[in-house]
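Novice: So that we are looking at the same thing, I have put the structure below in structure tokens.
The values are calculated or read from the model by the stated rules, or taken from the named source; none is laboratory data. For clarity, every value in this text was computed on a predicted model and none was experimentally measured. Cβ coordinates were reconstructed from backbone atoms using ideal geometry, including for glycine residues, and neighbour counts include every protein chain displayed. Please note that ligands, DNA and RNA were not included when accessible areas were found on the heavy atoms of the full protein model with its side chains. Shrake-Rupley method; radii C 1.70, N 1.55, O 1.52, S 1.80 Å.
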Amino acid sequence: MSKKVLVTGGAGYIGSHTVVELVKSGYDPVILDDYRNSDPSVLKRITQIIGYEPTHVVCDVCDQNRLEEIFKTYSISGVIHFAAYKAVGESVENPLKYYSNNIAGLVSVLNVLKQNPKVPFVFSSSCTVYGEPMGLKEVDENTAKSIPTSPYGYTKWLGEQIIGDLFISNNRLRMMSLRYFNPIGAHQSALIGELPVGKPNNLLPFITQTAAGIHEKLVIFGKDYPTVDGTCVRDYIHVVDLAEAHVKAIDHLLSLKNGCHEVVNVGTGKGTSVLELVHAFEEENNMKLNYTFGPKRSGDVIEIYANVDYAHSLLGWKATRDINDGVRDAWKWEKSIRNIQ
Ligand code: UFG
């Protein structure tokens, strides 16, 4: 019988792609979501890709009693915890919203895990925990963490700390924090992808919405940074590669006899500037994008990309898609939801 993996936030951007990849690898995902930041129509779309309706439950991840019931009802064998708020700017305006949901949600899941210590756990962390790298721009898992620049960042930083502390108290638990770099793209079917609520903060959704005519132009924040072309550099990872990394993480944790709290970077290992991403979008999709330069955005990291050696040695995982795949799939997705030919 297929192992059931509880995917909190399974209707969201990374969650929905992970659900699809779990099915492809023989797992039986159980989607947990309350759709506050996602759309239930994603279930139909996942169904179209995987060929059956996935198990799904409507639940607030902070509702520990209900989580306990779900664990029992479905005999959960693994947990991937995505459900959390993720808008950096909003977290500055409304920090308590972030602390109450992201931290309480994590603690609620971990409380249930404590009662089910054989169940492996994967946490969605972020490269935001590194802040601005002081030396090398390529960061590995031993690079010192820095003070987060937003309450959102603190929830990831603290999330890893909470998991680490729990591991000290019970070293039989098998847990992994995946530090994502910048996810982009969509499933190649264009049936699932990112659905930003309101005006997107992230670069690629803003690019695709500008190309679709929703915004007049993209504003590139800053042009005189000390980088290859004056714009900030990030490690853009295709969301399907990222989803596959989660499956490898669950595979790995299930194979272990002993407990652990592993921390693993999930990126491509390659830095790409904002301008390079814009040009890749234009070239790959054969179109011109209207863009201009504006002031720097406060709190932006100048340059960071992942060292991905540990993901490869520990999980046997490597990204197989590049930014051209990402910008192509993101545009295909944007066109499909806007009915653009
Ligand atoms: N950018 C623009 N114009 C825009 C949007 C973004 O120039 O309209 C630039 C940003 O200034 C930055 C780059 O594009 O240089 C990437 O910005 P994103 O907002 O897409 O991504 P960030 O790297 O700022 O943030 C992402 C995630 C966060 C996470 C952070 C960790 O969105 O959740 O990485 O560094 F915390």
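Novice: Test of understanding: among Tyr130, Tyr99, which residue is under 18 Å from the mean Cα position of the chain (by Cα) and within 24 Å of Asn202 (Cβ to Cβ)?
Specialist: Working: Tyr99 fails: under 18 Å from the mean Cα position of the chain (by Cα).
So the residue among Tyr130, Tyr99 that is under 18 Å from the mean Cα position of the chain (by Cα) and within 24 Å of Asn202 (Cβ to Cβ) is Tyr130.
Novice: Further question: Considering only the stretch 146-158, state which residues are within 15 Å of Leu96 (Cα to Cα) and touching a helix residue (DSSP H, G or I) at 6+ places or on another chain (Cβ under 6 Å).
Specialist: Residues satisfying the conditions are Ser150, Pro151, Tyr152, Gly153, Thr155, Lys156.
Novice: Quick one: Val301 ticks every box in (1) within 23 Å of Glu138 (Cα to Cα); (2) at pLDDT 95 or above; (3) surrounded by fewer than 20 Cβ atoms within 10 Å (Cβ to Cβ) except a single one, so which number is it?
Specialist: Just one mismatch for Val301, condition (2).
Novice: Could you tell me which residue of the stretch 144-153 is nearest to Pro95 (Cα to Cα), considering only residues that are over 18 Å from the mean Cα position of the chain (by Cα) and within 13 Å of the ligand (Cβ to nearest atom)?
Specialist: Filtering the stretch 144-153 down to residues over 18 Å from the mean Cα position of the chain (by Cα) leaves 144-147, 149.
From what is left, the residues that are within 13 Å of the ligand (Cβ to nearest atom) are 145-146, 149.
Details: Lys145: 21, Ser146: 19, Thr149: 12 Å.
By that ranking, first place goes to Thr149.
Novice: Those residues that are out of contact with any helix residue (DSSP H, G or I) (no Cβ under 8 Å at 6 or more places or on another chain) and away from the ligand (no atom under 16 Å from the Cβ), I need them from the stretch 68-104; list them, please.
Specialist: Glu69, Ile70, Lys72, Thr73, Tyr74, Ser75, Leu96, Ser100, Ala104
Novice: Considering only residues that are open to solvent by less than 80 Å² (accessible area, probe 1.4 Å) and closer than 15 Å to His187 by Cβ, which ones fall in the stretch 306-332?
Specialist: Passing the criteria: Arg321, Asp325, Gly326, Val327, Asp329, Ala330, Trp331.
Novice: Checking Leu254 against (1) open to solvent by 30 Å² or more (accessible area, probe 1.4 Å); (2) touching a helix residue (DSSP H, G or I) at 6+ places or on another chain (Cβ under 9 Å), which single condition isn't satisfied?
Specialist: Result: Leu254 passes all but (2).
Novice: Please enumerate the residues belonging to the stretch 154-180 that are within 14 Å of the ligand (Cβ to nearest atom), in a helix (DSSP H, G or I) and among the hydroxyl-bearing types (Ser, Thr, Tyr).
Specialist: Tyr154, Thr155
Novice: Quick one: which helices (runs of 4 or more DSSP H) sit completely within the stretch 245-341 and have at least 1 residues that are farther than 25 Å from Leu218 by Cα and not hydrophobic (A, V, I, L, M, F, W, C)? Explain how you work it out, then say what you get.
Specialist: Numbers: elements: 274-285, 309-315, 323-338.
Result: 309-315.
Novice: Let me ask something else. Glu216 passes all but one of (1) open to solvent by 30 Å² or more (accessible area, probe 1.4 Å); (2) closer than 30 Å to Pro29 by Cβ; (3) part of a loop (DSSP other than H, G, I, E, B); which number fails?
Specialist: Condition (2) is where Glu216 drops out.
Novice: Criterion first (buried (at least 18 other Cβ atoms within 10 Å of the Cβ) and over 15 Å from the mean Cα position of the chain (by Cα)) does Thr231 satisfy it? First the steps, then the outcome.
Specialist: On the way: buried (at least 18 other Cβ atoms within 10 Å of the Cβ): yes; over 15 Å from the mean Cα position of the chain (by Cα): yes.
So Thr231 passes the test.
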